[in-house]
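Engineer: Before we start, here is the structure in question, set down as structure tokens.
The values are calculated or read from the model by the stated rules, or taken from the named source; none is laboratory data. The shown structure was predicted, so the numbers you read here are calculated from the model rather than taken from an experiment. In this analysis, Cβ positions are derived from the backbone assuming ideal geometry, glycine residues included, and neighbour counts consider all displayed protein chains. Only protein heavy atoms, including side chains, enter the accessible area calculation; ligands, DNA and RNA are left aside. Shrake-Rupley method; radii C 1.70, N 1.55, O 1.52, S 1.80 Å.
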Amino acid sequence: MVVVTGMAWTTPLGDGLDEVWRLLCAGATGVVPVGSPHRLRTLLAGEVPFPPYASLAPEERQIALAVRTLARAFAEAGVAADDPSVTLVLGTSFGGQLDTEDEPERHWTREVAHRLGHPGAPLCVTTACSAGADSLLVAEALLRSGRARICVAGGADVLSEVKRLGHSALGTMSRTGLRAFDAGHDGMVLGEGAGFLVLELEGPARARGARILARLDGVGSANDATSLTAPDPTGDSVVAAVRRCPGGTADVAVVCAHGTGTPVSDEVEATSLHELFAASESDPVVFATKGALGHSLGATGAIEAIATVLALRHRATPPLAGLDSPMPGFTLRLADGTAQELHGGAGLSLTLGFGGFNTCVRFSCGQSGPEEPRAGTGIARPARPAVAGHGAITVEDPTARSVNRPAFYADPVAWLVAAAVEAALDGSGCERDVLAARNDVAVIVLTGTHLMPTNGALAAQAATHGRVSPLRFAGANPGILAGLTCIRWGLRGPSLVLAAADDSTVDTALTVAESWLGSGRARYVIAVRHQAHPGGHTARCAVLQAAAEPGTDPRALLTAPIAAPATTA
């Protein structure tokens, strides 16, 4: 059983766990006008007090924010920051990389570890708004497999001018304030922050005398396979993510909703929650934090995971900021500021991200956790997945593989990843079987430390014209490296993107794949590794399935030295 032994956050309302929780429950807001030299849809945003906005470059602010928050998480759990047995799993969306055309000397995650004095190379999750939650998914898989002893997982993300320009261009932001699930909702408000949770197996945690704050019952995920930015209006993938989460809707007292305040997203969550709980014995209270804190993108899943744990521990939910008249058809209890009794000991935290990502994290306190699927220590090491097919593509310039259209744009690397998937499916003869199971086909993409090609173009566009293309902003989201493949083939299983990947990250990806295949959350896992090198770009794909007998080693396929181009363009 995985437990939470420490938590820390930095939010627009401050950084103390109890202090921020008290302010949230009192209806306080950290959303204020934040100045900009550009013409934006709104100046409203959730700004963290330190370091102040525009005082440093976005990348430097993100590093400083992550270091300060991580240091407090380590301290609260009684774990040394330089402990080599700790694995850092750090999530973000764009991070600070959109506002510069220059490649950083060191990836932000490695700079964070360096300043913390941590000797390991962190893992980096880049699944857009689900990144903070998906970092918990990765950490759970590592702990349950026995490949990690302690994980500190979560996300950090900062405001930046290009993000504000991008969301202004997309029309996603409200001019009057974020009002999730209110009849007058008309958009979201950007924010920033960081949140990290210290996770470990219960036995070792108790043995070292750690304080146990909650159990992490599990994490479920699914991809919409519909759009780069808009959620699937049916809500089916949100439902699938919850149902893939161990424990599901049983004994749920609270749901921390994604709650962006955009009419489409709110409607999707309302539809999904109704389907999930209409026939359930649970009667949860639904709350959300973005109206008070803003939408912190890659950090939001971790911040809201912490809020879910605090709601369970305090047996209370903060009111939904801006809720005056609940939207028609919302059938569950909403946190409206009145005293509402909580029934049950479990809580769900939901995140929905650009690129189709949907993630559900379930926590419990007391006796409400689901029955453990594994006996004994909770450690199990299933056999390596078998390779059902594989392929590779090497090109000098990834734009040669792009298939963009006037109303659709994705970064060239995403198209290269899709080309490698196509080569694996077509060349190995497994396409028919894989696509027959498309609702249960997962995708994991690994990429390196280099900026995606579109990032620099957006930075230049913002600097020169004071605006950015909404199509290119949406298509530059790092999550699209997996999202495009899901859209292209209609794949609705779990999905994940790991950046700053080296050979050891391949082991992490295969551990997650084992977890999905072994638990039945996926029937196939499509794993792709993209690498930039002096000769161009290479994407290698392995299609994995569970099998009794080992075959080709997927690690060998994904870590082999890059040979001369098999395909050039």
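Engineer: Which whole number in µm²/s is D for region 216-375 by Stokes-Einstein, with the Kirkwood Rh taken over Cα pairs at 4 °C and 1.567 mPa s? Before the final figure, lay out the partial values.
Structural biologist: On the way: Rh = 15.5 Å.
Approximately 84 µm²/s, per Stokes-Einstein.
Engineer: Quick check: from the Cα gyration tensor, does region 83-137 come out rounded (a/c under 1.5), prolate or oblate? Walk me through the numbers on the way to the answer.
Structural biologist: On the way: a/c = 3.27, a/b = 1.16, b/c = 2.82.
Here region 83-137 falls in the oblate category.
Engineer: log10 I(q)/I(0), Debye, Cα-only the chain, no solvent, q = 0.10 Å⁻¹?
Structural biologist: These q points yield log10 I(q)/I(0) values of -0.74.
Engineer: Explain nothing, just compute: Karplus ³J(HN,Hα) = 6.51 cos²θ - 1.76 cosθ + 1.60, θ = phi - 60°, for every residue of region 30-38 in order, whole Hz, x for Gly and Pro.
Structural biologist: Running phi through 6.51 cos²θ - 1.76 cosθ + 1.60 with θ = phi - 60° gives x, 8, 9, x, 10, x, 7, x, 9 Hz.
Engineer: Mind checking region 68-156 for GluC sites (Glu not before Pro) that DSSP puts in a loop (not H, G, I, E or B) and that have at most 10 other Cβ atoms within 10 Å? All intermediate terms of the calculation are to be shown ahead of the outcome.
Structural biologist: On the way: sites: E76, E101, E105, E111, E140; in loops: E101, E105.
Filter output for region 68-156: E105.
Engineer: Still on this model: Please work out whether region 1-65 counts as rounded, prolate or oblate from its C-alpha gyration tensor, where a ≥ b ≥ c are the square roots of the eigenvalues and a/c under 1.5 means rounded, while otherwise a/b larger than b/c means prolate and anything else oblate? Before the final figure, lay out the partial values.
Structural biologist: Details: a/c = 2.66, a/b = 1.52, b/c = 1.75.
Oblate.
Engineer: How large, in percent, is the carbon and sulfur part of the accessible surface of the chain at a probe radius of 1.4 Å?
Structural biologist: On the way: 9890 of 19270 Å².
Within the chain, the accessible surface is 51 percent carbon and sulfur.
Engineer: Using alpha-carbon pairs under 8 Å, 6+ residues apart, how would you state the relative contact order of the chain in percent?
Structural biologist: Working: 1560 pairs, mean separation 106.2, N = 569.
Once normalised by length, the contact order is 19 percent.
Engineer: With the alpha-carbon atoms as the only input, what is the per residue convex hull volume for region 1-132 in Å³?
Structural biologist: Numbers: hull volume 18.9 nm³, N = 132.
Expressed per residue, the convex hull around the Cα atoms of region 1-132 is 143 Å³.
Engineer: Still on this structure: Cα gyration tensor of region 285-368, axes a ≥ b ≥ c as square roots of the eigenvalues: rounded (a/c below 1.5), prolate (a/b > b/c) or oblate?
Structural biologist: Working: a/c = 1.60, a/b = 1.08, b/c = 1.48.
Oblate.
Engineer: Ratio of Rg to Rh for region 233-315, alpha carbon only, Kirkwood? Write out the running numbers ahead of the final one.
Structural biologist: Values: Rg = 12.7 Å, Rh = 13.4 Å.
Result for region 233-315 is an Rg/Rh of 0.94.
Engineer: Give me the one-decimal Kirkwood hydrodynamic radius in Å for region 167-244, with the sum taken over alpha-carbon pairs.
Structural biologist: Numbers: mean 1/r = 0.0598 Å⁻¹.
It works out to 16.7 Å.
Engineer: Convex hull over the alpha-carbon atoms of region 389-533: what's its volume per residue in Å³? Walk me through the numbers before you get to the answer.
Structural biologist: Details: hull volume 16.7 nm³, N = 145.
Output value, Cα hull per residue: 115 Å³.
Engineer: Hey, another quick one. Length gain on complete extension for the stretch V32 to E105, per 0.36 nm per residue less the alpha carbon to alpha carbon distance?
Structural biologist: Taking V32 through E105 to full extension adds about 22.9 nm, to one decimal.
Engineer: Quick check for you: with a 1.4 Å probe and neighbouring chains kept, what is the accessible area per residue of the chain, in Å²? Don't skip to the end; give the middle numbers.
Structural biologist: Values: 19270 Å² over 569 residues.
So the chain comes to 34 Å² accessible per residue, rounded to a whole number.
Engineer: If you filter region 212-305 for GluC sites (Glu not before Pro), then keep DSSP loop positions with at most 13 other Cβ within 10 Å, what is left? Walk me through the numbers before you get to the answer.
Structural biologist: On the way: sites: E267, E269, E275, E281, E304; in loops: E281.
Sites meeting the loop and neighbour criteria: E281.
Engineer: How many angstrom lie between the Cα centre of region 37-72 and the Cα centre of region 460-523?
Structural biologist: Each part's Cα centre sits 24 Å from the other's.
Engineer: Select from region 49-95 those trypsin sites (Lys or Arg not before Pro) which occupy a DSSP coil region and have at most 14 other Cβ atoms within 10 Å, ordered by residue number.
Structural biologist: Values: sites: R61, R68, R72; in loops: none.
Here no loop site has a sparse enough neighbourhood.
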